[in-house]
Amino acid sequence: MTNMAQARPRVGITRCSRLGDYVESIKKAGGSPIVLDYDADPGRVIDAIDGLVLTGGVDVDPSRYGESPHPATEIDDARDAFEFGIAERALARDLPVLAICRGMQLLNVAAGGDLVQDIPSQFSTPLDHTVDSSPDAVAHKVRIERGSLLARIVTNPAHLETCGVNSRHHQSVRRVAPGFSVSATSPDGVIEGIESRDASFCVGVQWHPENFHRTGEFDSLFESFVDACKRDRD
């Protein structure tokens, strides 16, 4: 029988409409993916996983950060209820967290920050942040902050602190949560990455690295996350 030191860490992935690439990315990195349903009990789920992936999808309810919905905002109350419940527990336990697109936005709000509800109408920018021509089509570059955990994980030394990313979002982080730092921005100033300064591993990215699992551009991000899950479990 495989002992605990050798077993793949159990990675909870919140359910979304494009699950396949998240699951494959975690498998490729050496984790055992567990898809989490919104009707599950967050308290029980958190005891059954070694790390948490917060996935992309519809918008976070702006009442969570004291605002009324913008006309472009789409809300899923059941999803919010479950994901806030499990994200808050993960933060409290210092469970490794990788938060992607909506997931990064939810993580920021759960930790006390807020959001730009609609980039096209509330943020002056020449960049298109919703490019859905192909899941792994590069939309723009991001500048990764030198010295950040994200830079240590994903930066190609040949490219200094920049890398090309895909983009499918109309919201973004505005006020960064206490205890978090900005780790990446797009050329127009939109926040593209955040990370906790105190957690063992708590990283959010606004793009979709899971879409690149076939070509491997962001394998190191998932590998670092799964390694953190192993350390947390052991």
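Read the figures in this text as sums done on the coordinates, not as results from a lab. These numbers come from a predicted model, not from an experiment. All Cβ positions, even for glycine, are placed from backbone atoms using ideal geometry, and neighbour counts span all protein chains on display.
Just to be sure I follow: if Rg is taken over the C-alpha atoms of the stretch 68-180 and Rh is the Kirkwood radius over the same atoms, what is Rg/Rh? With Rg and the Kirkwood Rh in hand, the quotient comes to 0.97.
Once backbone amide H atoms are built at 1.01 Å from N, Asp50 has Arg10, Val11, Gly12 as its partners under 5 Å, excluding neighbours fewer than 5 places away on the same chain.
For the stretch 35-94, the convex hull spanned by the alpha carbon atoms encloses 87 Å³ per residue. Taking label points 7 Å from Cα along the Cα-to-Cβ direction, Asp188 and Arg44 give a separation of 4.4 nm.
From the P(r) of the stretch 10-233, could you give the percentage of C-alpha pairs in the tail past 31 Å?
Details: 2910 of 24976 pairs.
Of all Cα-Cα distances in the stretch 10-233, 12 percent exceed 31 Å.
Pick out, in residue order, every one of the GluC sites (Glu not before Pro) in the stretch 39-147 that is DSSP loop and has at most 13 other C-beta atoms within 10 Å; say none if there are none. Please list the in-between numbers first.
Values: sites: Glu67, Glu74, Glu83, Glu88, Glu145; in loops: Glu67, Glu74, Glu145.
Passing sites in the stretch 39-147 are Glu67, Glu74.
At 222 nm, what value in deg cm²/dmol follows for the chain if DSSP H runs of at least 4 each add -39500 (n - 2.57) and the sum is divided by all its residues, to the nearest 500? Could the numbers behind the result be given before it?
Numbers: 7 runs with 66 residues, N = 234.
Result for the chain: -8000 deg cm²/dmol, rounded to the nearest 500.
Percent of Cα pairs in the stretch 95-136 per distance bin of 5 Å, from zero to the largest separation: 5, 18, 19, 22, 21, 11, 4, 0.
Computed from phi, the 3J(HN,Hα) profile of the stretch 201-210 under the Karplus parametrisation 6.51, -1.76, 1.60 (θ = phi - 60°) reads 7, 8, 10, x, 10, 7, 8, 10, x, 4 Hz, with x in place of Gly and Pro. The length gained by stretching the chain between Asp77 and Ala137 to full extension, at 0.36 nm per residue less their Cα-Cα distance, is 18.5 nm. Between Val138 and any residue 5 or more places off or on another chain, the built amide H atoms are never under 5 Å apart. Report the FRET efficiency, 1/(1 + (r/R0)^6), for Arg231 and His70, where r is their Cβ-Cβ distance and R0 is 30 Å, rounded to 0.05. Once the sixth-power term is evaluated, E becomes 0.15.
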